[in-house]
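Contents: one structure, followed by commentary.
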Amino acid sequence: METPLKKYPRVLLQALLAASCCLLSAAGATADSTPRIRVEASERRAPKWTVKVPAADEEYLYFVGRATGSTTLEGAEQDAAADALRQVVSMIGLSASVSYERLRREAELLLEDRLAFDGEARVAGLKRLETYYQTVYYRTADSLATRYNASLLVRYPRRSLDLEKARMEQEAARRVTMAGELLAEGAGLESASDADRALDCYLQGLKQLAGPVAILLPAGRRAGYGGLRTDLLSAARRLGLGLGWVAVGPVQMSSLDDGRTWQDPQLEASLAEAMLEHGFRPVARAAPAGVFSLLSARCREEQADNLETGFCLSRWSAAISLLGPDGNTVLVQKVLTAKGFGPDPERAAGDARRRLRDEVFDKFAGEAREELGRTFGQARRDYSHAADYQP
């Protein structure tokens, strides 16, 4: 005799699916206000590896990349592949130096079953084994929305991992050796009074030590890394101050009427030009972090009045700071004001901003140069040792 369970399997399955969807909807109400109503999967049952990553064997390491909530199936697969790559790169020791966006782009190699991932880490032999995905349907106000989840099982040869770690250790050691040579070359150039070329040597040395070098160094080479980087940083800061190098940041603006804030590239260029005219050497904020002095300005409209019919006043303050390379030591700090006039508030504010550009910035640059002339000796002593740096 046929049991009810065998007689009505589809009805029971649909009932269970509906009940589980209701539970998922209730449990996930805080995460998504549109409850899922149906889930379709690439396999009837999720593979065991989606729950528990396979244990490594004598030849291979295994990784599972995952992605949820993607708007396309291709995007879910790519994100899952990027997640798997991230895990491999982290094992090599490069997780801090490879961006997720770059991993996502490189993940196409894995999806095409190509066996190499090139870049700072040469992940040779990585192979995709299986893919499992789900299509999740959500109910919206008048239609259905679709999202995709994907899981990707990959394997990576143990031998490839060992070879890549050894190669990266050698590369890190080579960079440290080169940085030491650049430090010595810079010191020689300083002795010959060639400060500009000496500073370039110090900056190139710091560049050699950038990224994951400290992590990848063989244990026997790590002790000297911190001292070498500190010496390079100290020398670069000292010469940067002496030569007047300044990293110019964005000029922040804030209006009085609506509190709106924005950045003004034209005023930033004017501030840099004023510093240049007074003997400084302005560079973009993209200059090496922690090496050059930092210049920033915040300009705010403090007053906007109609003095009489057709005659308006706009008064702005400019808080301008020149900080030491550490970003905390104040070298020069001023709050200066500019007044503008015009037949309406807009033109009065425009006149005030013009005065910021033509008068206030020039005044700050001149006073900064004069003040640093008196305090430069102390500034050199402050940055002759970079004790605040922690490699």
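Descriptive notes on the structure:
- If the condition is being in contact (Cβ under 8 Å) with a residue 24 or more places away in the chain and in contact with a Ser or Thr (Cβ under 9 Å, 6 or more places away or on another chain), then the range 330-346 contributes LEU331, VAL332, LYS334, LEU336, THR337, LYS339, GLY340, PHE341, GLY342, PRO345.
- Here is the figure for the range 122-138: residues that are farther than 18 Å from GLU40 by Cα, assigned to a strand (DSSP E or B) and of a type outside the set (Val, Ile, Thr) total 4.
- Within the range 153-165, residues that are within 11 Å of LEU61 (Cβ to Cβ) reach partners that are open to solvent by less than 30 Å² (accessible area, probe 1.4 Å) and of a type in the set (Phe, Trp, Tyr) with beta carbons closer than 6 Å, at six or more positions or on different chains, in the pairs VAL154/PHE63.
- ARG315 being charged (D, E, K, R), surrounded by 14 or more Cβ atoms within 10 Å (Cβ to Cβ), under 26 Å from the mean Cα position of the chain (by Cα) and assigned to a strand (DSSP E or B): no
- In the range 126-142, the condition of being surrounded by 15 or more Cβ atoms within 10 Å (Cβ to Cβ) and under 16 Å from LEU61 (Cα atoms) is met by at least one residue.
- Subset of the range 221-269 (residues that are closer than 18 Å to SER321 by Cβ and over 25 Å from the mean Cα position of the chain (by Cα)): LEU241, GLY244, SER254, LEU267
- Candidate set: the range 182-199, residues that are touching a residue at least 12 places away in the same chain (Cβ under 8 Å) and among the acidic types (Asp, Glu); chosen: the one least open to solvent (accessible area, probe 1.4 Å): GLU190
- Flag if ASP118 is modelled with pLDDT under 90 and more than 27 Å from GLU169 (Cα to Cα): no
- In the range 71-84, the residues that are out of contact with any strand residue (DSSP E or B) (no Cβ under 6 Å at 6 or more places or on another chain) and in contact (Cβ under 8 Å) with a residue 40 or more places away in the chain: THR71, THR72, GLY75
- Cross-chain or 6+ apart pairs with Cβ under 8 Å, the range 58-70 first and of a type in the set (Asp, Glu), then open to solvent by less than 100 Å² (accessible area, probe 1.4 Å): GLU58/ARG158; GLU59/PRO157; GLU59/ARG158
- Set GLY350, GLY366, GLY290: member being surrounded by fewer than 19 Cβ atoms within 10 Å (Cβ to Cβ) and at positive phi: GLY290
- In the range 206-229 there is no residue that is more than 30 Å from LEU161 (Cβ to Cβ), out of contact with any Ser or Thr (no Cβ under 8 Å at 6 or more places or on another chain) and buried (at least 16 other Cβ atoms within 10 Å of the Cβ).
- Within the set GLN303, GLN266, GLN333, the sole residue that is out of contact with any Lys or Arg (no Cβ under 7 Å at 6 or more places or on another chain), over 30 Å from SER234 (Cβ atoms) and either β-branched (Val, Ile, Thr) or surrounded by fewer than 22 Cβ atoms within 10 Å (Cβ to Cβ) (or both) turns out to be GLN266.
- Among the residues making up the range 42-52, those that are touching a residue at least 24 places away in the same chain (Cβ under 8 Å), open to solvent by 20 Å² or more (accessible area, probe 1.4 Å) and not in a helix (DSSP H, G or I) are SER42, GLU43, ALA46.
- For the range 297-325, a tally of residues being more than 23 Å from GLY366 (Cα to Cα) and of a type outside the set (Val, Ile, Thr) returns 13.
- Once the range 278-293 is narrowed to residues that are out of contact with any helix residue (DSSP H, G or I) (no Cβ under 7 Å at 6 or more places or on another chain) and not in a loop (DSSP other than H, G, I, E, B), the residue that is modelled with the lowest pLDDT is ALA284.
- Test: residue in the range 337-346 that is of a type in the set (A, V, I, L, M), open to solvent by 20 Å² or more (accessible area, probe 1.4 Å), part of a strand (DSSP E or B) and over 30 Å from ALA235 (Cβ atoms): no
The values are calculated or read from the model by the stated rules, or taken from the named source; none is laboratory data. None of these values were measured; they are calculated from a predicted model. Ideal geometry is used to build each Cβ from the backbone, glycine not excepted, and the neighbour counts take in all protein chains shown. Keep in mind that these areas ignore ligands, DNA and RNA; they rest on the heavy atoms of the full protein, side chains included. Shrake-Rupley method; radii C 1.70, N 1.55, O 1.52, S 1.80 Å.
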